[in-house]
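The values are calculated or read from the model by the stated rules, or taken from the named source; none is laboratory data. All values derive from a computational prediction rather than experimental measurement. Glycine also receives a Cβ, built like all others from the backbone with ideal geometry; neighbour counts cover every protein chain displayed. To get the accessible areas, we keep the full protein, side chains included, count just its heavy atoms, and leave off ligands, DNA and RNA. Shrake-Rupley method; radii C 1.70, N 1.55, O 1.52, S 1.80 Å.
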Amino acid sequence: MRTVTRREFVAAASSAALAGCARPTTVPPSRVSVTRAPRYDQSLYGTVRDILAEHRVEARGKHVVLKPNLVEFEPGSSINTHPLLVHAVYEAFRAMGAASVRIGEGPGHRRETLDMAEAAGYFRIIPGFEDLFTDLNLDDVSRVHPERQLSQLGKLYLPNTVLAADLLVSLPKMKTHHWVGATLAMKNLFGLVPGGVYGWPKNVLHWAGIHECIADLHALFPRQVALVDGIVGMEGNGPIQGVPKAAGVLVAGTDPVAVDCTCCRIMRINPHQVGYLRMAGGPGVAEAKIRQIGVPIAEVATRFELPPVFKGGRLEMA
């Protein structure tokens, strides 16, 4: 089992950071787009291409891994990222000249990943899905040594498919969550942690500090695109037992913290009160630090009913 240091796969980001240490620099606001998408239909293919072009995503010659949110057997529910959106993103990156595009997921509750993908419509919608898919729970792994770790997770092993990628594309569902308030692009990275190492369910991530683990995983992957499926999300007792909530939007950007903060504001959740956003984003959580483009938040704001444990609490925005 090979040992991988964080420096090996974030060298470019580290060099850029060191180069900037000589003098104070002003970090420009992160760009986040909000795009209307009222339904799952063929128009998504053009919409996704436009979104990636808007964010000037470079894909030519790169190895890309798409990470949807595939959680549970519930055909027709709003638990999983819709397979039509995943296929639209897959086709967009192929058209952009990516050297390879794979789809990877490591569900935390179930071991029967391919059976679950079939029940969720992935085999039907995505041609050749089984050949494109890597079960991240069972992939070969390498140990990663974060330069800074907030959680108590200790030794961290991650799938080689993801570590070798030039670009990680997080494709979560817009949902509430009964432990952290909202599960979006950053929380979606829990599916990278291999069940073959940490077991099912992945309770070790909760015992080690759920907010801290989310922040740690986010920091390990600086080259990300986040595109959130908010066409039909989930409210209430998410991420599994909630009910569908139509927001009719796709939210995207290359800074997952800014994307998640924008999603929270659409859901009428206060991002300043979401622990992992504060840990990972610091002052970047402030709305002034985000350059929001596309449809204004006020035009698409959709109050999501929070899980019972959060009702009437600090998470709710006025």
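Here are the numbers for the structure shown:
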read-out: In sequence order, calculated HN-Hα J values of region 139-146 (Karplus, 6.51, -1.76, 1.60; Hz; x Gly/Pro); value: 5, 4, 10, 9, 7, 10, 10, x
read-out: Positive-end residue of Gly191, Ile293, Pro244, charge dipole of the chain with Cβ unit charges; value: Ile293
read-out: Straight-distance crosslink candidates among aspartates and glutamates, where the alpha carbon sits under 13 Å from Lys173 and sequence neighbours closer than 8 are dropped; value: Glu72, Asp229, Glu235, Asp260
read-out: Carbon and sulfur %, accessible surface of the chain computed with the full protein complex present, 1.4 Å; value: 50
read-out: Given Lys62/Lys175; Lys155/Lys187; Lys62/Lys245; Lys67/Lys202, the pairs whose alpha carbons are separated by over 27 Å; value: Lys62/Lys175; Lys62/Lys245
read-out: Under the Karplus curve 6.51 cos²θ - 1.76 cosθ + 1.60, θ = phi - 60°, whole-Hz ³J(HN,Hα) for region 40-55, x wherever Gly or Pro sits; value: 8, 8, 5, 5, 4, 5, x, 4, 5, 4, 5, 5, 5, 5, 4, 8
read-out: The chain - mean residue ellipticity at 222 nm from DSSP helices (-39,500 (n - 2.57) per run, n ≥ 4, rounded to 500); value: -8500 deg cm²/dmol
read-out: The chain: relative contact order in percent, alpha carbon pairs under 8 Å with at least 6 residues between; value: 23
read-out: The chain, Rg to Rh (Cα coordinates; Rh as Kirkwood inverse mean 1/r); value: 0.93
read-out: Val141 long-range amide H proximity, modeled H, under 5 Å; value: Asn160
read-out: P(r) of region 29-168 over all Cα-Cα pairs, binned every 10 Å from zero, in whole percent; value: 11, 36, 36, 17, 1
read-out: Karplus (6.51, -1.76, 1.60) ³J(HN,Hα), θ = phi - 60°, over region 179-187, in Hz, Gly and Pro reported as x; value: 10, 10, x, 9, 10, 9, 5, 6, 5
read-out: Solvent exposure of the chain as accessible area per residue, Å², 1.4 Å probe; value: 43
read-out: Region 122-235, Rg to Rh (Cα coordinates; Rh as Kirkwood inverse mean 1/r); value: 0.96
